[in-house]
Amino acid sequence: MATALIAGTTGLIGNLLLDRLIEDSYYSGIIALSRKPLGMEHPRLTNTVVDFDNLDKNAEELRADDIFCCLGTTIRQAGSQLAFRKVDFEYPLQLARLTRNLGAKQFLIVTALGSDKKSSIFYNRVKGEVEEAIGELGFPGYHVFQPSMLLGDRKEQRRGESAGKAVMKVLDFMIPKKYKAIDAARVASAMLEVASRNQTGRHFYQSGELQDYAL
């Protein structure tokens, strides 16, 4: 049976995805990367505490078939564009390089709707750049999930996001499906379902398509 590795377990999508990986019997083993112990125990779960700035020190502990990357922050949270780029570009790319060298077969990453390496918007540009950089590493299966604004209970509050969610809910009937706010649980469900298909090639899943997955 296959093994899974997930990074970004304390984030909104990552936390939901980890629960689904544990509940589902598809993977015989699950490696969860985190900066601090998660405080979770399960027979199939290994929680590997890492320093993402020195991820290569844990290289041999990253051996898995399918890699789920849910790493991400905001410029406000990170404190600067440079710090944001480290979390949303450097960390995912380093994870991808190390795991590809160890023989990983699939890489599944959450970016954002509107990601574009040529965008004038810094956030979207970084998301597009990391999509392309990882795509060049040659994973047999490469899957990119591009959700719109996420709905769900975050452990940390993001300034302005609550207001944005409220507005999108009120105007939901007017917003095209592609741009509607999406429940993070649907993205987590989509990632697990897509991984279980074992499709080769490069695939992109935009927010409208992700709306069709179960909560």
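The values are calculated or read from the model by the stated rules, or taken from the named source; none is laboratory data. If you're wondering where the values come from, they're calculated on a predicted model, not measured in any experiment. Positions of Cβ are backbone-derived with ideal geometry, glycine not excepted, and every protein chain shown enters the neighbour counts.
What to note about this one:
- Single match in Thr10, Thr48 (criterion: under 14 Å from the mean Cα position of the chain (by Cα) and surrounded by fewer than 21 Cβ atoms within 10 Å (Cβ to Cβ)): Thr10
- Scanning segment 176-204 for residues that are buried (at least 18 other Cβ atoms within 10 Å of the Cβ) and over 23 Å from Thr10 (Cβ atoms) yields one hit, Lys180.
Results for (1) of a type in the set (Asp, Glu); (2) surrounded by 15 or more Cβ atoms within 10 Å (Cβ to Cβ); (3) more than 16 Å from the chain's Cα centre (by Cα); (4) at pLDDT 95 or above, shown as yes or no for each residue.
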{"residue": "Asn58", "(1), (2), (3), (4)": "no, yes, yes, yes"}
{"residue": "Gly72", "(1), (2), (3), (4)": "no, yes, no, yes"}
{"residue": "Gln77", "(1), (2), (3), (4)": "no, no, yes, no"}
{"residue": "Ser80", "(1), (2), (3), (4)": "no, no, yes, yes"}
{"residue": "Ala83", "(1), (2), (3), (4)": "no, no, yes, yes"}
{"residue": "Phe89", "(1), (2), (3), (4)": "no, yes, no, yes"}
{"residue": "Leu93", "(1), (2), (3), (4)": "no, yes, no, yes"}
{"residue": "Leu98", "(1), (2), (3), (4)": "no, yes, yes, yes"}
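- Residue in segment 134-153 that is exposed (fewer than 13 other Cβ atoms within 10 Å of the Cβ), modelled with pLDDT under 95 and not in a loop (DSSP other than H, G, I, E, B) present: no
- Of the candidates Arg35, Arg85, the single residue that is of a type in the set (D, E, K, R) and closer than 23 Å to Asn124 by Cα is Arg85.
Each row is one residue, and each column tells you yes or no for (1) among the small types (Gly, Ala, Ser); (2) touching a residue at least 24 places away in the same chain (Cβ under 8 Å); (3) closer than 26 Å to Gly138 by Cβ.
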residue	(1), (2), (3)
Met1	no, yes, yes
Leu12	no, yes, no
Asn15	no, yes, no
Ile31	no, yes, yes
Pro37	no, no, no
Met40	no, no, no
Phe52	no, yes, yes
Glu61	no, yes, yes
Ile67	no, yes, yes
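- The C-beta contact set for segment 79-108 (first residue over 18 Å from Ala4 (Cβ atoms) and free of Cβ contacts under 8 Å to residues at least 12 places away in the same chain, second residue β-branched (Val, Ile, Thr) and in a helix (DSSP H, G or I), distance under 8 angstrom, 6+ apart or interchain) is empty.
- Number of the exception - Glu156 against (1) within 21 Å of Lys180 (Cβ to Cβ); (2) in a loop (DSSP other than H, G, I, E, B); (3) modelled with pLDDT under 95: (1)
- Only one of the numbered conditions (1) out of contact with any helix residue (DSSP H, G or I) (no Cβ under 9 Å at 6 or more places or on another chain); (2) closer than 20 Å to Ala59 by Cβ is not met by Glu132, and that is (2).
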